[in-house]
Amino acid sequence: GAVVSQHPSRVICKSGTSVKIECRSLDFQATTMFWYRQFPKQSLMLMATSNEGSKATYEQGVEKDKFLINHASLTLSTLTVTSAHPEDSSFYICSARAVAGGKAFFGQGTRLTVV
Amino acid sequence: EDKVVQSPLSLVVHEGDTVTLNCSYEVTNFRSLLWYKQEKKAPTFLFMLTSSGIEKKSGRLSSILDKKELSSILNITATQTGDSAIYLCAVEPNTGTASKLTFGTGTRLQVTL
């Protein structure tokens with residue numbers, strides 16, 4: 001199956017700092033990448049959808065200035081959590097899809113802890 | 001707004017049992033329904049069902065899509081402890097390149113010895 005690599009898998013940062021999470025599709029070109037957030041024992045909450053070369057589309061309630069998404073190439077998207085707060089602590093997961101209607105594959109996830 | 005409801009929320013069975021997980025959905029202009037298995041980390045893909053492929057099988061797992069009832073089931077036969085996980089159902093509408101998946105809350109399956 002297709003491989004999506006997410007890095008780092010775990011990060012601890014101080015309040016007020018920024019953290020960048022990378023999502024790479026290793027063996028296919030991802031025209032669309034999705035960023036999710038998951039709280040314990042809850043389902044995936046879509047934060048934003050990004051298409052290569054264009055601005056991300058954020059879901060309602062997600063602050064675009066806080067969660068910066070860049071999809072600069074067909075194999076890489078980044079999520080930067082700016083001015084991190086303890087409430088931002090969560091499990092962040094990306095997924096990538098080659099074409100609309102195709103299977104979406106997930107990265108391994110990043111557990112962010114803000115102290 | 002698209003909606004996915006899964007049932008039961010959680011389930012405990014003994015090894016060797018057969019389980020059926022349910023997923024019902026509401027989506028404008030249905031394109032596909034997907035099942036994922038999530039253990040400790042990110043979800044792994046199981047099946048994708050579309051109008052042209054309403055039944056899929058892989059080993060002990062199988063899934064059927066009922067477009068009339070707007071639902072799908074995931075069957076696991078002869079369950080093993082390694083099947084313990086959260087099973088997620090998602091639907092994708094046919095809205096072009098920007099289409100996105102809507103996930104249900106998942107069914108937490110625990111298989112005991």
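Over chain B, calculate the relative contact order: mean separation of alpha carbon pairs under 8 Å at least 6 apart, over the residue count, as a percent.
Normalised by residue count, the contact order of chain B is 38 percent.
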Worksheet entry | Approximate spin-label separation B:Thr77-A:Ser18, in nm, with each point projected 7 Å along Cα-to-Cβ | 5.5 nm
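Determine the shielding of peptide A:85-96 by partner chains: average, over its residues, the number of Cβ atoms on other chains within 10 angstrom of each Cβ.
Values: counts 0, 0, 0, 0, 0, 0, 2, 1, 4, 1, 6, 0.
Other-chain Cβ atoms within 10 Å of each residue's Cβ, averaged: 1.
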Worksheet item: Which is the longest stretch in chain B that no exposed loop site breaks, taking sites as trypsin sites (Lys or Arg not before Pro) with a DSSP loop state and at most 11 other Cβ atoms within 10 Å?
Response: B:69-113
Discussion item. Can you work out the Karplus-derived ³J(HN,Hα) for every residue in the range A:53-67? Use 6.51 cos²θ - 1.76 cosθ + 1.60 with θ = phi - 60°, whole Hz, and x for glycine or proline.
Written reply: x, 10, 5, 6, 9, 8, 6, 4, x, 9, 7, 6, 7, 8, 10
Worksheet entry | J(HN,Hα) series, the range A:78-89, from Karplus relation 6.51 cos²θ - 1.76 cosθ + 1.60, nearest Hz, glycine and proline x | 10, 10, 10, 8, 9, 6, 4, 10, x, 5, 7, 4
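Nearest 100 Å² is fine: how much accessible area is buried between B and A, summed over both sides, with a 1.4 Å probe?
Protein heavy atoms only, the B-A interface buries about 1700 Å².
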Fill in: Heavy-atom accessible surface of chain A: percent carbon and sulfur, 1.4 Å
52 percent
Fill in: Heavy-atom accessible area per residue - chain B, 1.4 Å, Å²
50 Å²
Response to the item:
Expressed as a whole number, the average count of other chain Cβ atoms within 10 Å around the Cβ atoms of A:44-51 is 3
Item to complete: Evaluate the relative contact order of the range B:1-64 (contact order divided by residue number), counting alpha-carbon pairs under 8 angstrom at least 6 apart; express in whole percent.
Response: 22 percent
Response to the item:
Taking a crude spin-label model, label points 7 Å out from Cα along the C-beta direction, the A:Ser5 to A:Ala72 distance in nm is 1.7 nm
Discussion item. If I model a spin label as a point 7 Å beyond the Cα along the Cα-Cβ vector, how far apart are those points for B:Thr20 and A:Gln108 in nm?
Written reply: 3.8 nm
Discussion item. I'd like the trypsin sites (Lys or Arg not before Pro) in the range A:23-69 restricted to DSSP loop residues with at most 12 other Cβ atoms within 10 Å, sorted by number.
Written reply: A:Lys41, A:Lys55
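The values are calculated or read from the model by the stated rules, or taken from the named source; none is laboratory data. The structure displayed is predicted, hence computed values, not measured ones. Glycine also receives a Cβ, built like all others from the backbone with ideal geometry; neighbour counts cover every protein chain displayed. Side chains are part of the model used for accessible areas, which takes the heavy atoms of the whole protein and leaves out ligands, DNA and RNA. Shrake-Rupley method; radii C 1.70, N 1.55, O 1.52, S 1.80 Å.
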